[in-house]
Structure formats: C-alpha cells, structure tokens
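Novice: Before we start, here is the structure in question, set down as structure tokens.
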Amino acid sequence: MQPSGADPYYPASGVPASPGYPPASGFPAAPTTPAYPPPGFPPHADAGAPGTYASPGYGLPLLPPPPGPPPPPPPRPRSLLIPLLVAGVLALVLAVVAFTAGYFTGKHNRETTSARPPQTATASSSAQPQPSAPSGAPDPSAATQQGVAGTWKGTYRCNQGETGLTLTIKGQDSALTATFAFYPTATNSDVPSGSYRMSGNVTDGTMRLIGTAWINRPDGYGMVNLTSTGIGATHLTGTVEFTGCSTFDLDRA
C-alpha cells in the first residue's frame with residue numbers, strides 16, 4: 001500500500017527511488033551524508049589512515065605487547081671431577097683386591113711348600129725291580145768308635161734303576177754335613193750325573209741325612225733323604241726315603 005501521508009522518499013508508486021535516478025516528479029531528492037571531516041577541518045586524532053578504521057585506543061597510545069617467557073639458561077659445562085673420582089676409587093679397589101689375592105696365594109704356596117714331603121733324586125721312569133736288603137749285620141761298636149765321617153761309595157735304587165752313589169760325610173755325629181753325588185753305572189748308563197748338599201746327625205744309633213741345596217741338578221731329578229741303622233766301620237746301609245726308592249749300600253772308600 002502507498003503511505004497515506006506525503007513522503008518525499010517514496011515515489012507515487014510506493015517504491016523507493018533507484019540510486020542514481022532522480023525521484024519521481026513531485027518528490028524531492030533524498031539527502032546525502034556530508035563528507036567527514038568537513039572541508040577545512042583537520043582529521044581527528046583517533047582517525048586512522050585514509051581507508052582504515054580509527055585506532056582502538058580512542059586517542060591513547062598503543063601499549064607494547066607483554067614480554068614473553070625468558071629464554072632457557074645455557075647448559076652448564078659437564079664437570080670431569082666426579083668421573084675422575086669414580087675412576088680413582090675403582091682403581092684403588094682393584095689394587096687392594098689384587099694385593100690381597102697375591103698375599104693369600106703366596107701364603108698358601110709357602111704353607112704348601114713347607115708341608116710338602118722332601119724332594120727326591122729320582123727320575124719319573126717306571127719302577128725297577130727292588131733288591132732285598134743286604135744281609136750281614138755291621139759291627140756297631142767299631143762304628144761308634146770311628147763315627148760315620150768319611151767317604152762312602154756304592155749304589156742306591158730308585159725309579160730310574162740302580163744308580164752310583166758317593167756319599168762324603170763330614171763333622172761329628174751330633175752335627176753332620178754331607179755331599180750326595182750320583183752318576184751312571186755299568187748296568188745303567190742312561191742315568192745323568194748330579195749332586196747336592198745334605199745335613200743331619202746320628203741319634204741313638206740312627207743316622208738321618210736330609211737334602212738341603214743343589215750343586216748340580218739334572219733335568220727331572222729331585223733330592224732324596226737317607227736313613228741308616230746299619231752303621232758299620234766299613235759298611236753303611238740304609239733306606240732311601242722316597243716313593244719308588246728302596247735302599248742304599250755303601251762301603252768306606
């Protein structure tokens with residue numbers, strides 16, 4: 001419907017005038033918005049650049065953005081003190097363990113050596129048939145008067161077979177020293193020559209001599225000990241103290 005009153009903005013038909021076209025006859029033109037700012041006036045302080053909106057601060061200066069979180073601190077250089085201390089402690093522990101192991105090993109070896117039976121002047125070959133003890137009892141009274149000091153020659157038997165022996169005894173019966181020298185015989189020429197020192201005594205008619213130090217040691221041979229209850233003026237018999245050995249039979253030279 002057309003408005004009842006006269007409306008300068010509506011044509012007679014009741015339809016608004018199209019932009020750019022003058023209104024229908026009898027109606028004034030629609031008013032236009034004046035330019036801002038009016039000519040001759042400076043723009044407002046809050047006005048933005050031409051074609052932009054005014055700043056949101058309404059005349060107040062823009063605040064700088066808040067500062068961000070501080071940067072992380074640089075990594076601290078790694079200290080070598082702790083690794084060096086750990087390495088030093090480990091080295092000290094290893095040294096203590098090695099020293100302790102060496103101490104107890106040496107102690108065990110010394111105890112084993114002291115408890116080991118006397119070594120023997122015998123080869124590791126198979127045992128030879130053992131002769132029976134020589135018959136005939138020596139004259140103990142003559143041996144008591146002369147003593148066992150002197151040079152005795154004969155043979156003894158051990159694993160290597162019959163072996164030549166020269167036993168040179170010096171000193172009094174209470175404190176004897178001797179040299180045990182062995183060598184091949186006509187029936188056993190494969191035996192090497194060797195010699196070592198001995199010490200001992202004669203107590204209650206029994207002579208005991210124990211090997212103490214090598215003079216000439218062939219490979220594979222060890223020292224033996226001698227025990228004799230058959231002490232005569234010119235004849236000396238007894239036992240070679242070692243497994244696989246039997247007796248010795250000597251005459252005064």
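The values are calculated or read from the model by the stated rules, or taken from the named source; none is laboratory data. Keep in mind it's a predicted model, so treat the numbers as computed, not measured. Backbone-built Cβ (ideal geometry, glycine too); neighbour counts: all protein chains shown.
Novice: Taking residue 190 as the residue in question, decide whether it is touching a strand residue (DSSP E or B) at 6+ places or on another chain (Cβ under 7 Å) and without any contact (Cβ under 8 Å) to a residue 60 or more places away in the chain.
Specialist: Here the answer is no, as residue 190 does not meet what is asked.
Novice: Is at least one residue of segment 110-122 basic (Lys, Arg), over 49 Å from the mean Cα position of the chain (by Cα) and modelled with pLDDT of 50 or more?
Specialist: No: segment 110-122 contains no residue that is basic (Lys, Arg), over 49 Å from the mean Cα position of the chain (by Cα) and modelled with pLDDT of 50 or more.
Novice: For segment 193-240, give me each residue that is modelled with pLDDT under 95 and of a type in the set (D, E, K, R).
Specialist: Passing the criteria: 204, 219.
Novice: To continue, here is another question. Which residue pairs have Cβ atoms closer than 8 Å, lie 6 or more positions apart in sequence or on different chains, and pair a first residue in segment 237-251 that is closer than 11 Å to residue 157 by Cβ with a second residue that is surrounded by fewer than 18 Cβ atoms within 10 Å (Cβ to Cβ) and hydrophobic (A, V, I, L, M, F, W, C)?
Specialist: 244/127; 247/133
Every residue, every condition in (1) surrounded by 15 or more Cβ atoms within 10 Å (Cβ to Cβ); (2) assigned to a strand (DSSP E or B), yes or no:
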| residue | (1), (2) |
| --- | --- |
| 177 | yes, yes |
| 213 | no, yes |
| 219 | no, no |
| 226 | yes, yes |
| 239 | yes, yes |
